[in-house]
Amino acid sequence: MNLTLRQYLKKNDMKVSEGSLHNQKEQQNLLSKLIQACHKGMQIGFNAGDSADLFLDKTGGTLTSFDINRHNYVDVGNKYINLKYPEKHTLIKGDSTIVLPQQKVDKYEYIYIDGGHTFNVADQDIKNCKRFSTPKTIVIIDDYVSKKDWIKGYNKSVIKAVENNKDFVSTGQKDFGPGRGIIWGHYQH
């Protein structure tokens, strides 16, 4: 594939309207480091495919993504990912709070949670992902910001959901700027 994901989306007249990882180098570098020894991953929130592109590029492994499919660029981003990484990616469309509990249990080395930002959705995503983990699975939750003056409205529900899930044990957190941050750790088993 000679085009980047952004070039491919632009060529297909797609304008990404929600958050994106493509221009967040510091966050990309930390995510790459966190998953460097992993090969099999799962993510909630595919959006345009930026995180999928990063994860598949850095691990050389496989990735299963879940996305509610509210944007026309989801299918275009998925087509790009499937062309660039044949047979390495699976996209499951639907509301994660409904489709995750319906999935056959499979274990992943890393789980990236970046789905809905309401408390109920974030809380359910964190709870529902536990059954796909082992004690060694690294769990990364996006949009968790600790610096008070950088917290945006959409961060508040994610922060509350993380704090509500006692099975999630944090081993690190990093803020990247206003509204941008991640927290990572594992589930207690």
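The values are calculated or read from the model by the stated rules, or taken from the named source; none is laboratory data. Note that the structure is a prediction, hence the values are computed from the model and not measured. Don't worry about glycine lacking a Cβ; one is built from the backbone with ideal geometry, like all the others, and counts go over all protein chains shown. Remember, those area values only see protein heavy atoms, side chains included, never the ligands or the DNA or RNA. Shrake-Rupley method; radii C 1.70, N 1.55, O 1.52, S 1.80 Å.
If the Cβ limit is 6 Å and pairs must be 6+ apart or interchain, which residue in the range 158-180 that is farther than 22 Å from Asn29 by Cβ and touching a residue at least 24 places away in the same chain (Cβ under 8 Å) pairs with which residue that is assigned to a helix (DSSP H, G or I) and open to solvent by 70 Å² or more (accessible area, probe 1.4 Å)?
Here the result reads none, with nothing in the range 158-180 linked to a residue that is assigned to a helix (DSSP H, G or I) and open to solvent by 70 Å² or more (accessible area, probe 1.4 Å).
Residue-by-condition table, conditions (1) part of a loop (DSSP other than H, G, I, E, B); (2) touching a Ser or Thr at 6+ places or on another chain (Cβ under 8 Å):
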site: Val16; (1), (2): yes, no
site: His22; (1), (2): yes, no
site: Leu30; (1), (2): no, no
site: Ala37; (1), (2): yes, no
site: Met42; (1), (2): no, yes
site: Asp53; (1), (2): no, no
site: Asp57; (1), (2): no, no
site: Leu63; (1), (2): no, yes
site: Phe66; (1), (2): no, yes
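Consider Lys15 against the criteria (1) on the phi > 0 side of the Ramachandran plot; (2) open to solvent by 30 Å² or more (accessible area, probe 1.4 Å): it satisfies all of them except one. Which criterion is unmet?
Result: Lys15 fails condition (1) only.
Go through the range 37-52 residue by residue and tally those that are surrounded by fewer than 24 Cβ atoms within 10 Å (Cβ to Cβ) and either out of contact with any His (no Cβ under 6 Å at 6 or more places or on another chain) or free of Cβ contacts under 8 Å to residues at least 40 places away in the same chain (or both). Reasoning before the result, please.
First, the residues of the range 37-52 that are surrounded by fewer than 24 Cβ atoms within 10 Å (Cβ to Cβ): 37-40, 45, 50.
Narrowing the set further to residues that are either out of contact with any His (no Cβ under 6 Å at 6 or more places or on another chain) or free of Cβ contacts under 8 Å to residues at least 40 places away in the same chain (or both) leaves 37-40, 45.
Number of matching residues: 5.
Name the residue that is least open to solvent (accessible area, probe 1.4 Å), counting only residues in the range 57-77 that are closer than 22 Å to Arg131 by Cβ and of a type in the set (A, V, I, L, M). I'd like the intermediate steps shown before the answer.
Of the residues in the range 57-77, the ones closer than 22 Å to Arg131 by Cβ are 59, 61-68.
Imposing the further condition that a residue be of a type in the set (A, V, I, L, M) reduces the set to 63, 68.
Numbers: Leu63: 2, Ile68: 75 Å².
By that ranking, first place goes to Leu63.
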